[in-house]
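For reference, the structure discussed in these notes is given below.
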Protein chains: 2
Amino acid sequence: MKRRQFLAASTLGASAFALASPVLAQTSPELKWRLTSSFPNSFDIVQETAKVFATAVAAATDGRFQIEVFASGEIKPGLQALEAVQSGEIEVAHTALNLFSTHEPALAFATGVPFGLNARQQASWWTEGGGRELIDEVLKPFGAVALACGNTGAQMGGWFRKEVKTPADFNELKMRIGGLSGRILEKLGGVPVATPAAEIKPSLESGALDAAQWAGPHDDERLGLQKIAPAYYFPGWQQGSNALHILINQAKWGELPANYQAILTAAASLAGTSMQAKYDARNPDALKKLVVDGAKLKPFGGEIMDAANAAANAVYAEISASDPQFAKILSAYMAFRNDEYLWFQVGEVAYDNYLVRARARG
Amino acid sequence: MKRRQFLAASTLGASAFALASPVLAQTSPELKWRLTSSFPNSFDIVQETAKVFATAVAAATDGRFQIEVFASGEIKPGLQALEAVQSGEIEVAHTALNLFSTHEPALAFATGVPFGLNARQQASWWTEGGGRELIDEVLKPFGAVALACGNTGAQMGGWFRKEVKTPADFNELKMRIGGLSGRILEKLGGVPVATPAAEIKPSLESGALDAAQWAGPHDDERLGLQKIAPAYYFPGWQQGSNALHILINQAKWGELPANYQAILTAAASLAGTSMQAKYDARNPDALKKLVVDGAKLKPFGGEIMDAANAAANAVYAEISASDPQFAKILSAYMAFRNDEYLWFQVGEVAYDNYLVRARARG
């Protein structure tokens, strides 16, 4: 019986209890798992999210199911999270699946893609639009199960040393930007560069970089780029949603009693809700501080947005040509997006636009 | 010991187990609670939400904590949900706290108020902006604890027999609209009417009503008003957020073992996430069907929005004059709103606006 392996045989209490009440012994085993995050501690809200998840699991199981949280690099580099879960070396990861889109492009849809769904729409696609089932198929060869667990919301478009006024200004622009967004920048004539966090500031100072995309105001504040590359562009066309997931080794998941599976699922939801709430609560102050400290807020012009959108569609078409799974998910995802914006235009966006205008007028 | 009352003494298995392992007996008692919803079954997504909550609790407790879900009217009328929980006659309700704002105006902030936070901002205010603590104070005299559990997102502005082009068109307008929104309509010169769902259509046909606000496309479709009052207005200034809560009798909550409290909290989050996801997934199709069937989508003009906003502020000032608790929460809530829209303008709204425009162009 596979479930037996979860009994903490070392504790006499648990063994005695197992004899007295075998059903509960199976459903509330003592477990210790490790969670590796793909993010360093400097992404404080993301780390708090993984801890909220682990704390909620421990609280719901009366401390019987303990998940120890490690930041990127503590037990595994962030980019090895999927591999570590796949091998079963580590039971669970907290990660952005688009980090692995170089291996498997379709995984990007789990996180959100350039000019894709916004954060709320992404959550709807996941549970109600068939997203989870589509990503389950993509994850099957990786032997992993994904639970939705958080979002940053829409990110910023990045820090630029000089203003960009037309699509031509992206020509030969050296920008720290990754994944699909990097390929889109290439289509615009730019040069995507993979720059680690600590090197972004010196690279902008030396001219090795002309621009850098990172996240939103709360996380960007740590980089301190507002004096070197003060043009702070929006909207972040590359990331309307940045959905994270709790990734669990498929075999370990399958061995869990059903009540533990239910507890992990609900705890991931609770932690995910806390993540979006924290970003939404902390971004305004961070944005104010950045502006006071020199950041110049700039909207990307319509021509640039249209050029980037066209470039994104060209990249999607290229990948689709040789990747039927990507093509299938792209089609479902974008159809869902178009329907969402049909409704959001009327329901949400009209409401938000009025409140934005009313606020600006005081 | 109060916790003992939660032991299902009738089952021999549980008693034997209690002797063998008293700690777990306290932390995983067998419980049966009843949940009364403030909404009828016709609000199918809302009912599903209460059932997702109950199912998640049962699943996480291996069936030991059962919550039976009743729609409005089955065991209690919807508007008696707070009273029933307060008395302890019913352990838990799924409700919109603004339904009770006639008794206690400050409760409206738990749900969202006219020209207030949108759904995502409301969730952020609740956990990160001090909202939960403020509403806890308001709920204390009612002996109830609230867990956030769902949102419809922004609603529509209502169905109108004739177009409204200026604020003067609201003069003597008889409209089905309730709570704070009704008071705002009065300020605009209109006449708020409390019309039950089944009477809205005949009242619009007979001229007893000129207009009716209900919810959003998915729920509105059931009313079938698109041929009688075809002007379907947006945005729903009265309801940018319609946050629901799981309301639990304070004493019953206090008696729960900590693991059950953790499970209820996480289950409410999971159910709440599913609610927003379902509304977002089902509203687009409902909107399309309504338009095919005769609904004419109309934006409220800027003059009307400004007049309604000014009327809302006047109503808030009136209530604040005699209700210091309302005044205190209003001030915190609106300060949070202004900060949120400072950031949303840049992060979310700019992204959404581009996608809306791009979609419209095909």
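Taking the criterion of being touching a residue at least 12 places away in the same chain (Cβ under 8 Å), more than 14 Å from A:G157 (Cβ to Cβ) and among the hydrophobic types (A, V, I, L, M, F, W, C), would at least one residue in the stretch A:274-285 satisfy it? Yes, the stretch A:274-285 contains at least one residue that is touching a residue at least 12 places away in the same chain (Cβ under 8 Å), more than 14 Å from A:G157 (Cβ to Cβ) and among the hydrophobic types (A, V, I, L, M, F, W, C). Criterion applied to B:Y333, B:Y351, B:Y316 was being farther than 30 Å from B:E104 by Cα, of a type in the set (S, T, Y) and surrounded by 22 or more Cβ atoms within 10 Å (Cβ to Cβ), and the one residue passing it is B:Y351.
When the stretch B:243-259 is filtered for residues that are farther than 20 Å from B:E30 by Cβ and surrounded by fewer than 24 Cβ atoms within 10 Å (Cβ to Cβ), only B:Q250 remains.
The residue that is surrounded by the most Cβ atoms within 10 Å (Cβ to Cβ), among those in the stretch B:39-76 that are away from every other protein chain (no Cβ under 14 Å) and among the acidic types (D, E), is B:E74. Quick one: in the stretch A:265-278, of everything that is among the hydrophobic types (A, V, I, L, M, F, W, C) and at the interface with chain B (Cβ under 7 Å from one of its Cβ atoms), which residue is nearest to A:G216 (Cα to Cα)? Here the residue is A:A277. Does at least one position in the stretch B:130-148 carry a residue that is of a type in the set (K, R), in contact with a helix residue (DSSP H, G or I) (Cβ under 6 Å, 6 or more places away or on another chain) and touching a residue at least 40 places away in the same chain (Cβ under 8 Å)? Scanning the stretch B:130-148, I find no residue that is of a type in the set (K, R), in contact with a helix residue (DSSP H, G or I) (Cβ under 6 Å, 6 or more places away or on another chain) and touching a residue at least 40 places away in the same chain (Cβ under 8 Å), so the answer is no.
Applying the condition of being polar (S, T, N, Q) and facing chain A (nearest Cβ under 7 Å) to the stretch B:329-348 and asking which residue is nearest to A:K298 (Cα to Cα) yields B:Q345.
Conditions (1) more than 21 Å from the chain's Cα centre (by Cα); (2) closer than 30 Å to B:T152 by Cα, marked per residue:
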position: A:M305; (1), (2): yes, no
position: A:A314; (1), (2): yes, no
position: A:S320; (1), (2): yes, no
position: A:A327; (1), (2): yes, no
position: A:M334; (1), (2): no, yes
position: A:D339; (1), (2): yes, yes
position: A:W343; (1), (2): yes, yes
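Any residue in the stretch B:349-357 that is in a helix (DSSP H, G or I), small (G, A, S) and facing chain A (nearest Cβ under 7 Å)? Yes, the stretch B:349-357 has at least one match.
Restricting attention to the stretch A:162-177, the residues that are surrounded by fewer than 19 Cβ atoms within 10 Å (Cβ to Cβ) and in a loop (DSSP other than H, G, I, E, B) add up to 6.
Of the candidates B:A198, B:A281, B:A229, B:A262, the single residue that is more than 14 Å from chain A (Cβ to nearest Cβ) and surrounded by 18 or more Cβ atoms within 10 Å (Cβ to Cβ) is B:A229.
You will find that of A:L79, A:L117, A:L147, A:L139, the residue that is away from chain B (no Cβ under 14 Å) and either buried (at least 19 other Cβ atoms within 10 Å of the Cβ) or outside any helix (DSSP H, G or I) (or both) is A:L139 and no other. Of all residues in the stretch A:301-349 being hydroxyl-bearing (S, T, Y) and in contact with a helix residue (DSSP H, G or I) (Cβ under 6 Å, 6 or more places away or on another chain), which is nearest to B:G362 (Cα to Cα)? By that ranking, first place goes to A:Y341.
The single residue among B:K328, B:K296 that is in contact with a strand residue (DSSP E or B) (Cβ under 6 Å, 6 or more places away or on another chain), more than 30 Å from A:G216 (Cα to Cα) and either buried (at least 16 other Cβ atoms within 10 Å of the Cβ) or not β-branched (V, I, T) (or both) turns out to be B:K296.
Only residues that are on the phi > 0 side of the Ramachandran plot and within 14 Å of chain A (Cβ to nearest Cβ) were counted in the stretch B:82-114, giving 1. Note on the stretch B:293-348: residues that are over 24 Å from B:L185 (Cα atoms), among the small types (G, A, S) and not in a helix (DSSP H, G or I) total 1.
None of the figures in this text is laboratory data; all of them are computed from the coordinates on show. Please read these numbers as outputs of a predicted model, since none were measured by experiment. We place every Cβ from the backbone using ideal geometry, glycine too, and count neighbours over all the protein chains shown.
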